[in-house]
Amino acid sequence: MKKQLASSLAIAFLTLAVWSCNQSDPAPKGDYVSGVFVMNEGNFTNNNGGISYFARENNTATADIFAAANGTVLKGGVQDYTASEQQGIILVDNSTAGQDKVQFVERYTFKDEGTIGAPDIENPREVIIVGRKAYVSCWGTNSDLKYTTGYIAVIDLTTKKVTKKINVADGPENLAYANGKLYVGTTLWGAGNKLAIININSDEATSPITTSGAANPVGIDANGKLWVNVGDKMLRINTETNVTEATLAIATEGTKTPGNFTFSNDLKSIFFVLSWYDSAGKEHGGTYKFSITDTQIAMVTPLIPRPFYGLAVDPTQGLLYAGVSPSYTQAGYAVRYRADGSLVDSVKVGIAPSGFFFQ
């Protein structure tokens, strides 16, 4: 009798739990529930950036989904996009001073849900969400081009207001998060040879990690280690102690520039582009790959013998997405590759595709 009662109660509780989940977690509705979002910078002086979208099984894209959903364009170049829960956050950089903004959208419909503009947001670069807060790296007004006015804008996602500006000079750029710490890189054109660290519990800057050049955090690998690009080197940093555990050299020959670093979907490999320009201004280079367990980065043969404007890996399928920008006056392409470098296909998107978000 006790067993029967226990079994009946278990079934009842299970049924209630399933019903509760079904009631509280309905399937999201909208035109953009699952697929690939492409961040198109556009032409800076024309302020014609946008976000393209396509389903993974398709090879055609909607060129500008914000315009399609709202009947108006973003009015600037798209620097970054991310989403959490029901909210999407677009960073819009306008060539006119005081016109930059954070644009909020409903995640699955892309309907306009308000903005934050100047003076809270000036020259936004990258955004990362931690809990109910968004952190946006900003160069500030930067009218003298000396990158001395930079900061991290802390946004309360419930109120959609900037609650704090954390001073990070020297052009705060790429961001990475681990163990309650936000790691902030500096722009290649800045003077800051350090990796800034922010305690997200207090939203205060702590002691930075000194580097030999401008630091560009790539992200956290499968072992919880932070990888940072510093010029012609890759650093592997212990996020518990902030100690650099390994340094891997990139053979740049003094004339080539590494960039567009991104992790594989298992977080055990890193892809990157190594490129240079000839006297006519044409870009050359290749795309390479190394393992987080390698002791050196092999540069003899590239994985893909061409450079790209942006790189990202779809965590669902493991495909490498590469942004191709023929010029700043015509549509670009999202080119898909397998992890071994073999070509899958390409999708026509917007002008200057530089980043990807996978949903």
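Would you pick out the residues in the stretch 196-216 that are crowded, with 19+ Cβ neighbours inside 10 Å and touching a residue at least 60 places away in the same chain (Cβ under 8 Å)? Scanning the stretch 196-216 gives a single hit, ILE198.
Looking only at the stretch 269-286, filter to residues that are within 21 Å of GLY219 (Cα to Cα) and either hydroxyl-bearing (Ser, Thr, Tyr) or touching a Lys or Arg at 6+ places or on another chain (Cβ under 6 Å) (or both); which one of those is surrounded by the fewest Cβ atoms within 10 Å (Cβ to Cβ)?
As a first pass, look at the stretch 269-286 and keep what is within 21 Å of GLY219 (Cα to Cα): 269-274.
Then drop every residue that is not either hydroxyl-bearing (Ser, Thr, Tyr) or touching a Lys or Arg at 6+ places or on another chain (Cβ under 6 Å) (or both), which leaves 269, 271, 274.
Values: SER269: 20, PHE271: 24, LEU274: 23.
My answer is SER269.
Considering each of ALA68, ALA134, ALA169 in turn, give the residue that is over 19 Å from the mean Cα position of the chain (by Cα) and not in a loop (DSSP other than H, G, I, E, B). Walk me through how you get there before you give the answer.
Numbers: ALA134 fails: over 19 Å from the mean Cα position of the chain (by Cα); ALA169 fails: not in a loop (DSSP other than H, G, I, E, B).
The conditions single out ALA68.
Being of a type in the set (Ser, Thr, Tyr), touching a helix residue (DSSP H, G or I) at 6+ places or on another chain (Cβ under 8 Å) and open to solvent by 10 Å² or more (accessible area, probe 1.4 Å) holds for only one residue in THR82, THR109, THR115, and it is THR109.
Looking only at residues in the stretch 85-96 that are under 26 Å from TYR309 (Cβ atoms) and out of contact with any strand residue (DSSP E or B) (no Cβ under 6 Å at 6 or more places or on another chain), which one is surrounded by the most Cβ atoms within 10 Å (Cβ to Cβ)?
It comes out as SER95.
Filtered by the rule that a residue be closer than 20 Å to PRO315 by Cβ, in contact with a Phe, Trp or Tyr (Cβ under 9 Å, 6 or more places away or on another chain) and not hydrophobic (A, V, I, L, M, F, W, C), the stretch 245-273 gives ASN260, THR262, SER264, SER269. Filtering the stretch 245-268 to residues that are polar (S, T, N, Q), without any contact (Cβ under 8 Å) to a residue 60 or more places away in the chain and surrounded by 18 or more Cβ atoms within 10 Å (Cβ to Cβ) leaves ASN260, THR262.
For GLY219, the conditions (1) within 15 Å of THR293 (Cα to Cα); (2) open to solvent by less than 30 Å² (accessible area, probe 1.4 Å) are fulfilled apart from (1). Of everything in the stretch 258-294, what is over 18 Å from the mean Cα position of the chain (by Cα) and of a type in the set (A, V, I, L, M, F, W, C)? Give them in sequence order. Within the stretch 258-294, LEU274, TRP276, ALA280, PHE290, ILE292 meet the criteria.
Any idea which residue in the stretch 332-350 is modelled with the lowest pLDDT, counting only those that are open to solvent by 30 Å² or more (accessible area, probe 1.4 Å) and of a type in the set (A, V, I, L, M, F, W, C)? Here the residue is ALA339. Could you please find all residues in the stretch 228-239 being out of contact with any Ser or Thr (no Cβ under 6 Å at 6 or more places or on another chain) and either at pLDDT below 95 or closer than 20 Å to ASP170 by Cα (or both)? Listed by number, the residues that qualify are VAL228, ASN229, GLY231. Here the stretch 118-134 is the region considered, the condition is being surrounded by fewer than 16 Cβ atoms within 10 Å (Cβ to Cβ) and among the hydrophobic types (A, V, I, L, M, F, W, C), and the residue that is farthest from LEU157 (Cα to Cα) is ALA118. Does GLU57 fit the bill of being more than 26 Å from GLN79 (Cβ to Cβ) and at pLDDT 95 or above? Spelling it out, GLU57 is indeed more than 26 Å from GLN79 (Cβ to Cβ) and at pLDDT 95 or above.
Considering PRO315, PRO305, which residue is surrounded by fewer than 14 Cβ atoms within 10 Å (Cβ to Cβ) and within 30 Å of ASN199 (Cβ to Cβ)? The match here is PRO315. For ASP120, the requirement of being in a loop (DSSP other than H, G, I, E, B), acidic (Asp, Glu) and under 21 Å from LYS194 (Cβ atoms) is not met. For the stretch 182-190, state whether one or more residues are crowded, with 19+ Cβ neighbours inside 10 Å and without any contact (Cβ under 8 Å) to a residue 40 or more places away in the chain. So far as the stretch 182-190 goes, yes, one or more of its residues are crowded, with 19+ Cβ neighbours inside 10 Å and without any contact (Cβ under 8 Å) to a residue 40 or more places away in the chain. VAL228 meets the stated requirement of being farther than 18 Å from GLN79 by Cβ, in a strand (DSSP E or B) and open to solvent by less than 60 Å² (accessible area, probe 1.4 Å). Only one entry of GLY192, GLY180 meets the criterion of being closer than 19 Å to ILE237 by Cα, touching a strand residue (DSSP E or B) at 6+ places or on another chain (Cβ under 7 Å), small (Gly, Ala, Ser) and at pLDDT 95 or above, and that entry is GLY180. Considering only the stretch 328-357, state which residues are in contact (Cβ under 8 Å) with a residue 24 or more places away in the chain, under 17 Å from ALA63 (Cβ atoms) and in a loop (DSSP other than H, G, I, E, B). Of everything in the stretch 328-357, those that are in contact (Cβ under 8 Å) with a residue 24 or more places away in the chain, under 17 Å from ALA63 (Cβ atoms) and in a loop (DSSP other than H, G, I, E, B) turn out to be TYR328, THR329, ALA331, GLY332, VAL349, GLY350, ILE351, ALA352.
The values are calculated or read from the model by the stated rules, or taken from the named source; none is laboratory data. If you're wondering where the values come from, they're calculated on a predicted model, not measured in any experiment. Every residue, glycine as well, gets a Cβ built from its backbone with ideal geometry; the counts of neighbours run over all protein chains shown. The area values use the complete protein model at the heavy-atom level, side chains included, leaving out ligands, DNA and RNA. Shrake-Rupley method; radii C 1.70, N 1.55, O 1.52, S 1.80 Å.
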